[in-house]
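Undergrad: Mind looking over this structure? Questions follow.
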Amino acid sequence: MFPSYIPPEASNLTEAASIALTKQIKQVAISTPLSQEDVATTYVHQGSGSTPILLIHGFDSSLLEFRRLLPLLAAQQLTYAVDLLGFGFSQRNLAIPLNSENIKIHLYHFWQTIIGQPVILVGASMGGAAAIDFTLNYPDAVEKLVLLDSAGLAKQPAIGKFMFSPIDTFATEFLRNPKIRQSISRAAYFDRSFASLDAQVCAALHLKCLHWNKSLIAFTKSGGYRSLQDKISTIQQPTLIIWGRQDKILGIKDAIKFEQAIPHSQLVWIDSCGHVPHLEKPDATAAEILSLAERNFGELC
């Protein structure tokens, strides 16, 4: 049986990894200064080890995007994945403005409540921007940083200026369309056979959560994650940049820019791989992250 806070459409999942991870999703009430009410926050954890790994998903996604990577990491390390404020299966409290600042604050209080020790922070796509932002503001909480085909260098998108009613509603309904989501999914992979029926269910399951569309509109209107390019040179943590060589979503230029800008960084290319190495090449991605976990600071520099 799936947890009660997971939409019933989870019964349409077909892959063992997806089913197993969905059944393990937990919900915890996180107290934050953002509201007098706790935020019901969904997460999973597996494994054991001295330095936890914390996985952060991308835009309009959920922790299910780590269904293939997390078990591989957890075989050797204590590993968590969390749904960010306003995303995944975490509660969408419309009284809390959904922006990058509040996402960061909520994530910190999740970390403080559930983990409470420095982590290897792994962010995918928009989750990479969230991970960078978190690292810059809470450096003591992050021992090492991993960016998977990360956002964070592009300027603020202009679309937020046009997200007013009824255009905002039309935009979210456009993103809800199964054909549109499948097209986006196919573009994320080098091998498009990965855009399976199970992948479609995983990518759309959180759309059934209360206020999905309102939260997505609010986040887009906030401007999302602005460029962090002027700040990333101050990151002191050892940073591993993993990038699919055939990324058609963000391209590959930003991978090199990240490596050049972050002082203690290393860039690893994953061949025959698109925008989501954690889904398309989970074994290679896990091997690189676990190797980082074992290395001392000087070994990466």
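Every number in this text was worked out from the coordinates using simple rules, so none of it is lab data. These figures come from a predicted structure and were not determined experimentally. Every residue, glycine as well, gets a Cβ built from its backbone with ideal geometry; the counts of neighbours run over all protein chains shown.
Undergrad: Which residue fluctuates the most in the chain, going by a Gaussian network model with Cα springs under 10 Å, if the choices are 230, 198, 83?
TA: Its mean-square fluctuation being the largest, the pick is 230.
Undergrad: Within 13 Å, Cβ to Cβ, of residue 43, how many net charges do the neighbouring residues add up to if Lys/Arg are +1 and Asp/Glu are -1?
TA: 0
Undergrad: Return the lysines within reach of residue 214: Cα separation strictly under 19 angstrom, same-chain partners fewer than 8 residues apart disregarded; answer none if there are no such residues.
TA: Hits, sequence-local ones excluded: 161.
Undergrad: Turning to a different aspect of this structure: Fewest Cβ neighbours within 10 Å first, please rank 101, 294 accordingly. Write down the numbers at each step before the final one.
TA: Working: 101 13, 294 10.
Listed from fewest to most nearby Cβ atoms, that is 294, 101.
Undergrad: Additional query: Around residue 154, what is the net charge, scoring Lys/Arg as +1 and Asp/Glu as -1 over all other residues with Cβ under 12 Å from its Cβ?
TA: +3
Undergrad: On a 18 Å Cα-Cα criterion, which of the cross-link pairs 231/257; 26/144; 104/257; 221/257 come out too long? If you can, show how the numbers build up before the last one.
TA: Working: 231/257 13 Å; 26/144 25 Å; 104/257 24 Å; 221/257 27 Å.
With Cα atoms farther than 18 Å apart: 26/144; 104/257; 221/257.
Undergrad: Let me ask something else about it. With the contact rule set at Cα under 8 Å and sequence spacing of 6 or more, what percent relative contact order holds for the chain?
TA: For the chain, the relative contact order is 19 percent.
Undergrad: Here's a follow-up. According to a simple spin-label model (label point 7 Å from Cα along Cα-to-Cβ), what is the distance in nm between residue 76 and residue 179?
TA: It works out to 4.5 nm between the two label points.
Undergrad: Tally Lys and Arg at +1 and Asp and Glu at -1 over the other residues with C-beta under 11 Å from the C-beta of residue 186: what net charge comes out?
TA: +3
Undergrad: What helices does the chain hold that run 30 Å or longer along their axis, going by alpha-carbon atoms, with a Kyte-Doolittle average of 0.0 or more, using DSSP H for the helix calls?
TA: Correct list, ordered by number: empty.
Undergrad: Can I ask one more? Amide H to amide H under 5 Å from residue 142: which residues, 5+ apart in sequence or cross-chain, H placed 1.01 Å off N in plane?
TA: 119
Undergrad: Which length gain, in nm to one decimal place, applies between residue 283 and residue 234 when the Cα-Cα distance is subtracted from 0.36 nm times their residue separation?
TA: 14.6 nm
Undergrad: Treating cross-link reach as a plain straight distance, find the lysines whose alpha-carbon is under 16 Å from the alpha-carbon of residue 248, omitting any fewer than eight places away in the same chain.
TA: Cα-Cα hits under 16 Å: 281.
Undergrad: Separate question: Using Cβ counts within 10 Å as a stand-in for footprinting exposure, how do 79, 113 rank, fewest first?
TA: Listing 79, 113 from fewest to most nearby Cβ atoms yields 113, 79.
Undergrad: Using a Gaussian network model of the chain whose springs link C-alpha atoms within less than 10 Å, name the residue from 224, 88, 49 with the highest mean-square fluctuation.
TA: Residue with maximal mean-square fluctuation among 224, 88, 49: 49.
Undergrad: Let me ask another. Arranged by the count of other C-beta atoms within 10 angstrom, fewest first, what order do 285, 234, 42 take? Write out the running numbers ahead of the final one.
TA: Numbers: 285 27, 234 12, 42 23.
Fewest to most other Cβ atoms nearby, the residues stand as 234, 42, 285.
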